[in-house]
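I'd like to ask you about the structure that follows.
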Protein chains: 2
Amino acid sequence: MNHPFPLSRLSILGAGLIGGSVALAARRLALCRELVLYSREPEKETVRAAGIADLVTDDPADAVRKAELVVVALPIAAMGAILHAIRGALEPKAIVTDTASVKLPAMQLLQENLEGRARWVGSHPMSGGERSGFAFARSNLFEGAVAILTPPETADREALALVEAFWLALGCRVVHLPASEHDRRVAAVSHLPHLLAAALVCSMDSEALEVAGPGFRDVTRIAAASPEMWNEILLANRENVLLALRSFLARLEEASESLRDGTSSAVKNLLREASQRRLSFDQRPS
Amino acid sequence: MNHPFPLSRLSILGAGLIGGSVALAARRLALCRELVLYSREPEKETVRAAGIADLVTDDPADAVRKAELVVVALPIAAMGAILHAIRGALEPKAIVTDTASVKLPAMQLLQENLEGRARWVGSHPMSGGERSGFAFARSNLFEGAVAILTPPETADREALALVEAFWLALGCRVVHLPASEHDRRVAAVSHLPHLLAAALVCSMDSEALEVAGPGFRDVTRIAAASPEMWNEILLANRENVLLALRSFLARLEEASESLRDGTSSAVKNLLREASQRRLSFDQRPS
């Protein structure tokens, strides 16, 4: 397992921003000899025209035949049916990973469909952006990103090593977490911020928007992202999002009480702590 | 007034990020023949060493003598004393503007100190960033930014025209607003977002922070900014910030109730509206 690349065949199911970027990166880095993409109309022809895959097919079972590694880069709502469709076509030695943003439900779907058929490890590359779709895919999307691996309790060592080597090769820093801990942390750093940005954008009138500057632009950038995708993510991880929200509201309430009273101590403490924490985040090694 | 530049002498009081950037831009664009900067230790020597000003002084009265235009780029807490110190030294025809982020208190200080002594117009260039100080100043800081002008009720037409021409020359889009309306809008698009970003950064544990990605980085960037400066801003504009907060919490509550119930309609509506509004913000002419 020291030199797993190039894989004989890599299959990527879903050619959106994440799947498309995995495909572009794997090609650029020569991580596989053959690359197969599962994509459906209307995007399939665009993906085919990009010329990066040996085969682009809308039949998921065809897409995974003879694959050493299968990367499922689909919304959770689509994952169950696709995993069911591929289970009979997978090689017994195939290794499967996914890229879903909420890992407990994704791991459950992998387990239900693949137990006894293939080996799997959950993955979540913390990358992406406010644009979705193959048109925005790029081969350097994962450089410097954190990829969180969520192995099942009975994780196969070889499967874990291959999936880790894959994300490392794409330029990620790899972290291993239980799925539940992944979901808790990601609710705080990704899902709740999205909800807050959306509520903020919707809470102001268009006259205020007219004078918005760079602070607003950065704070709310993620709010432009696909509402369908984020609705699914927020609902799939709602318990953790609500816990993170409670913690956020508690800090906000301390500060807003202090503002209401016209005393500054709680506001100043909050701003100081935030500034220190945010500056040390910028200084962390990538 | 069609060609007010170069001014014979421009004085900038305060050489932090904003004052320093105004100075660099005015020099690059040759908006003045003489440039004078008021700066205090410990920054004064750095500012002097930058070699952009004809005079760098820590005496505010000296700094404004013979100036056609004076730009006060100081924290509100420092403005009163400095305006008081310069009032006797201003030319009768001098025009004064400031760059404070909260305009009602700034306009009051200008009025109290300059009435009958000089003409003034409030300004707020919606630019800046998470870094403060002369070291981060740059001559293109204002390119594409919105500069909000808040003329007093009895604004002098020539003063307004000069200050507008100045920000336009620096690359700003200029908007005129009453100070109270400025403070209301800016609370929504700048001050509240800052408070939310700070509360968000402080609401999560360091384990969650470890896995944060680009979404978190953008949402919370402004939280790294100077706590002292932002504490002053939030307190100076607290009534508007609290109103904007109420409106934000109302939208957030609709969505979080819907999440709690596991129904998606309010979440989906919020995300859709946010995405549309944010995309149209990106498409606005600059």
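If the label for A:Q283 sits 7 angstrom from Cα along the Cα-to-Cβ line, what are its distances to the same label in every other copy, in nm to one decimal, shortest first?
Spelled out, the distances from A:Q283's label point are 4.3 nm.
What average number of partner chain Cβ atoms lie no more than 10 Å from the Cβ of the residues making up A:224-237?
Taking all residues of A:224-237 together, the mean is 5.
Which pairs break 30 Å Cα to Cα here: A:K103/B:K268; A:K268/B:K93; B:K103/B:K268; A:K103/A:K268?
Violating the 30 Å Cα-Cα cut-off are A:K268/B:K93; B:K103/B:K268; A:K103/A:K268.
Right, another one. Using only the Cα atoms of chain B, what do you get for the radius of gyration and for Dmax, in Å?
20.8, 68
Send over the per residue convex hull volume for region A:7-177, Cα only, as a whole number of Å³.
On the way: hull volume 16.8 nm³, N = 171.
Here the figure is 98 Å³ per residue.
Also, I was wondering about something else. Between region B:199-220 and region A:113-185, how far is it from one alpha carbon centroid to the other, in angstrom?
19
Helix A:103-114: angle to the longest alpha-carbon principal axis of chain A, degrees 0 to 90, nearest 10?
Once rounded, the angle reads 20 degrees.
Once fully extended, how much extra length lies between A:R48 and A:E158, figured as 0.36 nm per residue of separation less the alpha-carbon to alpha-carbon distance? Intermediate results must be reported in sequence, preceding the final value.
Working: separation 110, 0.36 × 110 = 39.60 nm, distance 3.19 nm.
Value of the extension gain: 36.4 nm.
If I model a spin label as a point 7 Å beyond the Cα along the Cα-Cβ vector, how far apart are those points for A:A81 and B:E207 in nm?
3.7
Another question, if that's okay. When DSSP assigns beta bridges and you keep just the ones with both residues in the protein assembly as shown, what percent turn out antiparallel, to the nearest 5? Walk me through the intermediate numbers first.
Details: 8 of 56 bridges.
Counting DSSP beta bridges with both partners in the protein assembly as shown, the antiparallel share is about 15 percent.
Which net charge results for the neighbourhood of B:D218, defined as the other residues with beta-carbon distances under 11 angstrom from its beta-carbon, given Lys and Arg at +1 and Asp and Glu at -1?
Numbers: positive: A:R217, A:R221, B:R217, B:R221; negative: A:E130, A:D218.
Cβ neighbours under 11 Å give a net charge of +2.
Report, as an integer, the average count of C-beta atoms from other chains found within 10 Å of each Cβ along B:253-266.
3
For all pairs of alpha-carbon atoms in the protein assembly as shown, what percent lies in each bin of width 10 Å, listed from the first bin to the last filled one?
With a bin width of 10 Å, the distribution comes to 4, 17, 24, 20, 15, 11, 6, 3, 0.
Any idea what log10 I(q)/I(0) is at q = 0.16, 0.17, 0.22, 0.24 Å⁻¹ for region A:182-282, Debye with uniform C-alpha scatterers and no solvent?
Rounded to two decimals, the profile gives -0.89, -1.00, -1.31, -1.31.
How high is the relative contact order of region A:173-286, in percent, with contacts defined as C-alpha pairs under 8 Å that are six or more residues apart? Intermediate values should be presented prior to the final figure.
Working: 45 pairs, mean separation 33.5, N = 114.
For region A:173-286, the relative contact order is 29 percent.
Count, for each residue of A:175-186, the Cβ atoms from other chains sitting within 10 Å of its Cβ, then give me the mean as a whole number. Could the numbers behind the result be given before it?
On the way: counts 2, 0, 3, 0, 0, 0, 3, 1, 0, 3, 8, 6.
Mean partner-chain Cβ count within 10 Å for A:175-186: 2.
Among DSSP bridges having both ends in chain B, what percentage is antiparallel? Round to the nearest 5. Mind dumping the intermediate values first?
Numbers: 4 of 28 bridges.
Within chain B, antiparallel bridges account for around 15 percent of the total.
Tell me the relative contact order for region A:7-177 as a rounded percent, counting alpha carbon contacts under 8 Å between residues six or more apart. Walk me through the intermediate numbers first.
Working: 371 pairs, mean separation 39.4, N = 171.
Relative contact order here is 23 percent.
Mean separation of Cα pairs under 8 Å and 6+ residues apart, divided by the residue count of chain A: what relative contact order is that in percent? Display every interim value, and only then the final one.
On the way: 468 pairs, mean separation 44.2, N = 286.
It rounds to 15 percent for chain A.
So for the pair B:L242, B:E228, with labels modelled 7 Å out along Cα→Cβ, what separation do we get in nm?
2.7
If you don't mind, there's one more thing I want to ask. Of the peptides B:129-137, A:117-125, how do they stack up when ordered by the mean number of other Cβ atoms within 10 Å, highest first? Write down the numbers at each step before the final one.
Details: B:129-137: 16.9, A:117-125: 24.7.
Packing proxy ranking, top to bottom: A:117-125, B:129-137.
Which of the lysines could be linked to B:K44 by a straight reach, that is with a Cα gap under 22 Å, when you skip same-chain ones fewer than 8 residues away?
B:K66
Another question, if that's okay. Enter the angle in degrees (range 0 to 90, nearest 10) between the Cα long axis of helix B:157-169 and the first principal axis of the Cα atoms of chain B, meaning the one along which they spread out most.
So the inclination is approximately 60 degrees.
Still on this structure, please answer the following. Taking R0 as 45 Å, what FRET efficiency do you get between A:Q108 and B:R284 from their Cβ-Cβ distance, rounded to the nearest 0.05? Could the numbers behind the result be given before it?
Values: r = 44 Å, r/R0 = 0.97.
According to the calculation, E is roughly 0.55.
Something else about it: With angles folded into 0 to 90 degrees, how steeply does helix A:192-203 sit against the dominant principal axis of chain A? Use alpha carbons for both and round to 10.
Here the helix axis deviates by roughly 50 degrees.
Taking only DSSP H segments of four or more residues, each worth -39500 (n - 2.57), what value at 222 nm results for chain B once the sum is divided by all its residues, to the nearest 500 deg cm²/dmol? Before the final figure, lay out the partial values.
Values: 13 runs with 144 residues, N = 286.
Calculated at 222 nm, the ellipticity per residue is -15500 deg cm²/dmol.
Each reported figure results from applying straightforward, stated rules to the coordinates on display, with no laboratory input. Just so it is clear, the structure is predicted and the values come from calculations on it, not from any experiment. All Cβ positions, glycine included, derive from the backbone under ideal geometry; neighbour counts span all protein chains shown.
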